[in-house]
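Okay, so here's the structure we're looking at.
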Amino acid sequence: MLSAVPRGKTTFSDRQMKNQPAKQRIAAAAAKYIRDEQTVVFDAGTTMLALAHHIPPVSNLTVWTPGLNVAQQLMDVAGVSVMVIGGQVDPDTVSTVWSSPLTGEGVPAAHMTFLGAHGVDGDLDIVDVSIQAAAAKRRLAQAGRRVTLLADSSKWGVAASSKVIGLSDVDVVITDANVEKPVLSRLRDTVPEVVVA
């Protein structure tokens, strides 16, 4: 059983310093899923910012994101059009919190959503610290035809008050080699594709 430990909010800069090498490897692995002529959704967060730095050469890629620093990183990348998802700005995540109550409103159907996580609890649910943040992430996930979760080993076994989606709703998980073997085994039983970067 994956035990879950509560973890509160931390600043973006603090999170950016944590597990940097793992996040870079995860981002590089995720970048291989990006193709020309796609529309994709990038969640906000430190691993998403790393992914924005690893974008391969592309043409006609449209990226929708609530991540303000993600958008800033991508706005001058050749072949990439950036669309910022509106909402109230959360300084802790350097992003907007998409407040629309309607699923998918404002974001067209995307080929893939790259989703980050505050944590994944013992029931293998992606969780966040507030109902609003969880609802915003859920809408991002629902916009994508496929959902790819980018979560380094520090995210596994983390409890929080609000469920985003279950891992059974995820198509690909990209994580790092420090994930405990029993957790990895459960992941492989639950998710169609698991990549250890």
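In degrees, nearest 10, range 0 to 90: what is the angle between the Cα axis of helix 131-143 and the longest Cα principal axis of the chain?
60 degrees
State to the nearest 20 debye the size of the charge dipole of the chain about its Cα centre, where the only charges are +1 on K and R beta carbons and -1 on D and E beta carbons. Could you put the intermediate results ahead of the total?
Numbers: 18 positive and 19 negative charges, 43 e Å.
Once rounded to the nearest 20, the dipole reads 200 debye.
Which of the peptides 170-179, 79-88 is most tightly packed, and how do the rest follow, going by the mean number of other Cβ atoms within 10 Å of each residue? Before the final figure, lay out each step's value.
Numbers: 170-179: 20.2, 79-88: 15.8.
The densest-packed peptide leads the list: 170-179, 79-88.
With charges only on Cβ, +1 for K and R and -1 for D and E, what is the dipole size of the stretch 22-132 about its Cα centre, in debye, rounded to 20?
Working: 4 positive and 11 negative charges, 90 e Å.
Here the size comes out at about 440 debye.
List the residues whose amide H sits under 5 Å from the amide H of Asp176, counting only those 5 or more places along or on another chain, with H placed 1.01 Å from N in the peptide plane.
Long-range HN contacts for Asp176: Ser153, Ala197.
Across the stretch 58-69, in residue order, what do the Karplus-derived ³J(HN,Hα) couplings come to in whole Hz, using 6.51 cos²θ - 1.76 cosθ + 1.60 with θ = phi - 60° and x for Gly and Pro?
3J(HN,Hα) across the stretch 58-69, in whole Hz: 9, 10, 6, 9, 10, 10, 9, 7, x, x, 5, 6.
Mind checking the full-extension length gain between Glu37 and His53? Use 0.36 nm per residue of separation minus the Cα-Cα distance, one decimal, nm. Don't skip to the end; give the middle numbers.
Numbers: separation 16, 0.36 × 16 = 5.76 nm, distance 1.90 nm.
Using 0.36 nm per residue and subtracting the Cα-Cα distance, I get 3.9 nm.
May I ask you to order 45-58, 181-194 by the average number of other C-beta atoms within 10 Å around their residues, highest value first?
Working: 45-58: 21.3, 181-194: 14.5.
Listed from highest to lowest mean packing, they are 45-58, 181-194.
Please work out how much accessible surface Asp123 shows to a 1.4 Å probe, ignoring ligands, DNA and RNA, in Å² rounded to 10.
Here the accessible area works out near 110 Å².
Against the longest alpha carbon principal axis of the chain, how many degrees, from 0 to 90 and to the nearest 10, is the axis of helix 181-190 turned?
60 degrees
Taking 0.36 nm per intervening residue step and subtracting the Cα-Cα distance, what contour gain separates Ser168 from Lys181 on full extension? Provide the component values of the computation, followed by the final result.
Details: separation 13, 0.36 × 13 = 4.68 nm, distance 1.88 nm.
Extra length from Ser168 to Lys181 when fully extended: 2.8 nm.
What's the angle, to the nearest 10 degrees (0 to 90), between helix 20-31's Cα axis and the longest principal axis of the chain?
Between the helix axis and the principal axis of the chain, the angle is about 60 degrees.
How many angstrom lie between the C-alpha centres of the stretch 117-152 and the stretch 40-64?
Cα centres, the stretch 117-152 to the stretch 40-64: 17 Å.
Rounded to the nearest whole Å², what accessible area per residue is found for the stretch 61-197 with the 1.4 Å probe?
Details: 5810 Å² over 137 residues.
The answer is 42 Å² per residue.
When the accessible area of the chain is split by element with a 1.4 Å probe, what percent falls to carbon and sulfur? Spell out each step's value before the answer.
Working: 4680 of 8960 Å².
Of all accessible area on the chain, carbon and sulfur atoms account for 52 percent.
The values are calculated or read from the model by the stated rules, or taken from the named source; none is laboratory data. In this text, all values refer to a predicted model and were calculated from it rather than measured experimentally. When we count neighbours, we look across all protein chains shown, and the Cβ atoms used for this are built from the backbone with ideal geometry, even at glycine. Surface accessibility is based on the protein's heavy atoms, side chains included, excluding ligands, DNA and RNA. Shrake-Rupley method; radii C 1.70, N 1.55, O 1.52, S 1.80 Å.
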